Amino acid sequence: METEDVLQLIRSAPERYETVRAALRYRGDGPTIKAIRERIVSSEAGRRAFRFSPREASEPIEHSEPDGLFGWRCRAWHADRHHWRIETELPVGGVHISASAGRRRLPIGGPPGSGLVWNRRVGGRPRTEYPWWLFGALDSYWTFYPLLTDEICGISYEFAELDLRIEDPVPRAGREAIRIVGVPPVVEQNWDPDPLSWGAYEYEVLVDAERGIILRCANRLGGKDFDVLEVEEVFFDERFGREVFTSRRLLPWQ
């Protein structure tokens, strides 16, 4: 398979299934991420890419990541843009549930708890005790971009900017995956490769060979992963009952 074929496969992923249910895991290396952020602010290319003013560049950097490895796991259900659910395991204990039970109707309002998009914490400590890095984990954007690919973030277009090579297929989450590795054409990037991490020297993506979703997206520096989002389990084309999007209780997985 040629490079453009793989990129087109990624772009067409949302067209290749009706529903998806997946268990995902994120792993980050706090010290490496902090060092990259410091380098961004201290370099002209980084300040230009992120539009830092001279005053902002001179101020102390506030890092949200811990001084070590960190991460989270979640389970996600997706039927369409108005029907989805995420259950995220919290490092402070308990599970955070986010869901959308349908298209919002106007006028917006109604009694508490009547909204179609809702959040709930089951057990654990209050939201005021969440570490700052966890708020990004609770954002549905970051959870669903591997499953919806270009419908959310245009990751195939970011990959097209890299020097790419395709390697032998590998198994991942019970699926056959195409492994594609990208290297920035220059070490000091002058672009913001969202949702990839800025500052990596190499990016790896495992693409489901049949469906086109991203089973693993790894950002590397010095040959080591420092920012990885990967699918651990995935199931396609199931029929979801309405309780998937409305239940305030944790759902059974199998």
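Taken together, the values in this text are just the output of simple stated rules run on the coordinates, not laboratory data. Note that the coordinates shown come from a computational prediction; the quantities given were computed from them, not determined experimentally. Counting neighbours? That spans all protein chains shown, and the Cβs are built from the backbone with ideal geometry, glycine included.
With a ≥ b ≥ c the root eigenvalues of the C-alpha gyration tensor of the range 121-185, is it rounded (a/c under 1.5), prolate (a/b larger than b/c) or oblate?
Working: a/c = 2.79, a/b = 1.96, b/c = 1.42.
Judged from the Cα gyration tensor, the range 121-185 comes out prolate (a/c at least 1.5, a/b above b/c).
Annotation note: trypsin sites (Lys or Arg not before Pro) in the range 146-254 located in DSSP loop regions with a Cβ neighbour count of at most 13 within 10 Å are 239, 242, 248, 249. Looking at the square roots a ≥ b ≥ c of the eigenvalues of the Cα gyration tensor of the range 1-82, which shape do they give, rounded for a/c under 1.5, prolate if a/b is larger than b/c, or oblate? Because a/c hits 1.5 or more and a/b exceeds b/c, the range 1-82 counts as prolate.
When you filter the trypsin sites (Lys or Arg not before Pro) in the range 55-85 for DSSP loop state and at most 15 other Cβ atoms inside 10 Å of their Cβ, you are left with 81. By definition, a body whose alpha carbon gyration tensor gives a ≥ b ≥ c is oblate when a/c is 1.5 or more and a/b is not larger than b/c, and the chain fits this oblate description.
Taken along the Cα-to-beta-carbon direction at a fixed 7 Å, the label points for residue 38 and residue 250 span 3.8 nm.
Of the GluC sites (Glu not before Pro) in the range 153-254, the ones in a loop by DSSP (not H, G, I, E or B) with at most 16 other beta carbons within 10 Å are 161, 188, 210, 238.
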